[in-house]
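What follows is one structure encoded as structure tokens, with my remarks underneath.
Throughout, read-outs are computed from the coordinates displayed, never taken from laboratory work. Remember, it's a predicted structure, so these values are computed and weren't measured experimentally. For neighbour counting, all protein chains shown are included, and Cβ atoms are generated from backbone atoms with ideal geometry for every residue, glycine included.
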Amino acid sequence: MKRFGMVARVLPGSLDEYKKLHADIWPGVSRMIERCNIRNYSIFSTRLPDGHDYLFSYFEYIGTDFDTDMEKMAADPETQRWWAVCKPCMAPVESLPPSEVWAPAEEVFHQD
């Protein structure tokens, strides 16, 4: 099992919409997350002193080929539609390619 953390910035005024979307995640999207070997998936929000809202996601990957599972998820039509609905809430992270909004975070500590 491998742990993943990611950070994203929410566009001003979009946090409530993002929360609303995730309060009623589409069942097909939820099933695809499971089929792609992701477990214990959480998204947290916080407003930092810079005045922006940020999201932190955490999940555990239990599969053996992360890249293939992520390609499978990205190819799923329902997941693509879900991302198209959620992405307008997100601010692009400058260091990422234009299609990406989540920046990977380095794990610096873990305790079971």
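Quick notes
- Lys, Arg +1 and Asp, Glu -1 on Cβ, resulting dipole of the chain about Cα centre, debye, nearest 20: 280
- Based on C-alpha pairs under 8 angstrom that are at least 6 apart in sequence, segment 19-58 has a relative contact order of 28 percent.
- Restricting the GluC sites (Glu not before Pro) of segment 1-104 to loop positions (DSSP other than H, G, I, E, B) with no more than 12 neighbouring Cβ atoms within 10 Å leaves 94.
- Take the Cα of residue 45, step 7 Å toward its Cβ, do the same at residue 70, and the gap between the two points is 2.5 nm.
- Simple spin-label estimate for residue 108 and residue 83 in nanometres, 7 Å along Cα-Cβ: 2.9
- Amide hydrogen proximity for residue 10: with H placed 1.01 Å from N in the peptide plane, the residues at 5 or more positions away or on another chain lying under 5 Å are 53, 54, 55, 91.
- Shape class for the chain: oblate, because the ratio a/c of the largest to smallest gyration tensor axis (alpha-carbon atoms, square roots of eigenvalues) is 1.5 or more and b/c is at least a/b.
- Here 93, 85 are placed in order of increasing Cβ neighbour count within 10 Å, fewest first, which gives 85, 93.
- Exposure proxy ranking, count of Cβ atoms within 10 Å, fewest first, for 68, 79, 46: 46, 68, 79
- Label-to-label distance for residue 91 and residue 4 is 2.4 nm, based on points extended 7 Å past Cα in the beta-carbon direction.
- Most positive-pole-ward Cα, 58, 109, 46, against dipole of the chain from beta carbon charges: 46
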